[in-house]
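Undergrad: One structure, pasted below without further comment.
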Ligand code: WQD
């Protein structure tokens, strides 16, 4: 019998791509989403891509414990992938209470329900932001976490620790919880079908949606934040991971949990490509692969940005049997195809 994976935040950008890969790998998917930062576009896209139009969908807020319990009562959940969270760094600085309440309470509710329903495998969507301005690059999973510079980043660290503690406390009990935290670097791009992708509300904070919106004429000009950093071309270095590759890492991690291949009850993996790419290089590749000129200018540094971060991916490569495959060119072509798909709608 196929196993069932609950994807909280499954109608969003990463959740929808993960749902597709899970279904394509033979898992049953149950989606929970409160639709606070998305519409039904991506969920409808998941159904189209997979040809599966009976995916159970719960429009619930994971901060409401009763709703989460009802879902666990109705569905036999073998694993949970928890995405449901707020994710805007700047907003979290302005509204810390809202961020802590939403991101912590929803995760606590998922864990409590999982524990009380005979235990579960829980995959938490964490972030490379936990490393801060790392001194030694690339970062391994052993690289020390630095104090978070925003409430958003802090919720990622806190949720990692909560998961670790719950795994420890439930070991050997009836409601054993096992956990994996995946630390994402910079997820970008869209599904090759161009039926699902990133749908930022308002002015995008992230680089690639800002680029595609500038190319399509929704924004006038891209500001490249800082060209006087101590890097080769003066712009920041990041590890841009293709969204479909990222989604496949989730399938590998879920399989590891469900097939009892974990070496510890709680494990952490970096999910990146291992290759640093500068902002300027990314813009250049985007222009070249899509055959267009982007309107951009150099602007002052953005407060809070780290100069450079990229992943040591060996642990994920070896233990998950996973590695990033899609070339940056293809990823940036997919991001543009998705923006054009949105423009035609
Ligand atoms: C990448 C690079 C910018 C916009 C953040 C969060 C992280 C994660 C992903 C998610 C930087 C530069 C950007 C622009 C630019 N969380 N840039 N002009 O900051 O690495 O990571 O998003 O949900 O936790 O911190 O990603 O895409 O914002 O920026 O020059 O208009 O692009 O300065 O060097 P970041 P980003």
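Every number here is computed from the coordinates shown, using simple stated rules; none is lab data. These numbers come from a predicted model, not from an experiment. Cβ: placed from backbone, ideal geometry, glycine included. Neighbour counts: every protein chain shown.
Undergrad: Out of the DSSP beta bridges found with both residues in the range 176-313, what percent are antiparallel (nearest 5)?
TA: So the antiparallel bridges amount to about 10 percent of the total.
Undergrad: log₁₀ I(q)/I(0) of the range 1-142 at q = 0.08, 0.12, 0.20 Å⁻¹, via Debye over equal Cα point scatterers, no solvent, to two decimals?
TA: Cα-only, vacuum Debye calculation for the range 1-142: -0.23, -0.52, -1.22.
Undergrad: Run the simple label-point estimate for residue 205 and residue 218 please: 7 Å along Cα→C-beta, distance reported in nm.
TA: 1.7
Undergrad: By DSSP, what percent of the beta bridges with both residues in the chain are antiparallel, rounded to the nearest 5? If you can, show how the numbers build up before the last one.
TA: Values: 2 of 40 bridges.
Taking every DSSP beta bridge with both residues in the chain, the antiparallel ones total about 5 percent.
Undergrad: Please work out whether the range 16-87 counts as rounded, prolate or oblate from its C-alpha gyration tensor, where a ≥ b ≥ c are the square roots of the eigenvalues and a/c under 1.5 means rounded, while otherwise a/b larger than b/c means prolate and anything else oblate?
TA: Taking the square roots of the gyration eigenvalues as a ≥ b ≥ c, the range 16-87 is oblate.
Undergrad: Normalised by the number of residues in the range 171-270, what is the relative contact order in percent for Cα pairs under 8 Å and 6+ residues apart?
TA: Relative contact order of the range 171-270: 45 percent.
Undergrad: Is the shape of the range 87-243 rounded, prolate or oblate, going by the alpha carbon gyration tensor and its root eigenvalues a ≥ b ≥ c, with a/c under 1.5 for rounded and a/b larger than b/c for prolate? Intermediate values should be presented prior to the final figure.
TA: Values: a/c = 2.08, a/b = 1.68, b/c = 1.24.
Prolate, since a/c reaches 1.5 and a/b exceeds b/c.
Undergrad: Send over the semi-axes of the range 73-120's equivalent ellipsoid, whole angstrom and largest first, taken as the square roots of 5 times the C-alpha gyration tensor eigenvalues.
TA: Numbers: eigenvalues 149, 20, 9 Å².
Equivalent ellipsoid of the range 73-120: 27, 10, 7 Å, largest first.
Undergrad: Where a ≥ b ≥ c are the square roots of the eigenvalues of the C-alpha gyration tensor, would you call the chain rounded, which needs a/c under 1.5, or, failing that, prolate if a/b is larger than b/c, or oblate?
TA: Details: a/c = 1.68, a/b = 1.39, b/c = 1.21.
Prolate, because a/c is 1.5 or more and a/b exceeds b/c.
Undergrad: To continue, here is another question. What's the Kirkwood radius of the range 1-57 in Å, using all Cα pairs? Provide the component values of the computation, followed by the final result.
TA: Numbers: mean 1/r = 0.0913 Å⁻¹.
Computed over Cα pairs of the range 1-57, the Kirkwood hydrodynamic radius comes out at 10.9 Å.
Undergrad: For the chain, what does -39500 (n - 2.57) per DSSP helix run (n ≥ 4), summed and divided by total residues, give at 222 nm, in deg cm²/dmol to the nearest 500?
TA: That calculation yields -13000 deg cm²/dmol at 222 nm.
Undergrad: Who wins for biggest fluctuation among 234, 119, 45 in a Gaussian network model of the chain, springs between alpha carbons below 10 Å?
TA: Result for the chain, Cα springs under 10 Å: 234 fluctuates most.
Undergrad: Could you order the peptides 68-79, 167-178 from most to least packed, using the average number of other C-beta atoms within 10 Å per residue?
TA: Descending mean neighbour count gives 68-79, 167-178.
Undergrad: Oh, and also: Taking Rh as the Kirkwood radius, which is the inverse of the mean 1/r over Cα pairs, what is the Rg/Rh value for the range 192-345?
TA: 1.01
Undergrad: Expressed as a fraction of 2.2 N^0.38 Å, the rule-of-thumb size for a compact globular protein of N residues, what is the C-alpha radius of gyration of the range 128-216?
TA: Normalised by 2.2 N^0.38 Å, the Cα Rg of the range 128-216 equals 1.45.
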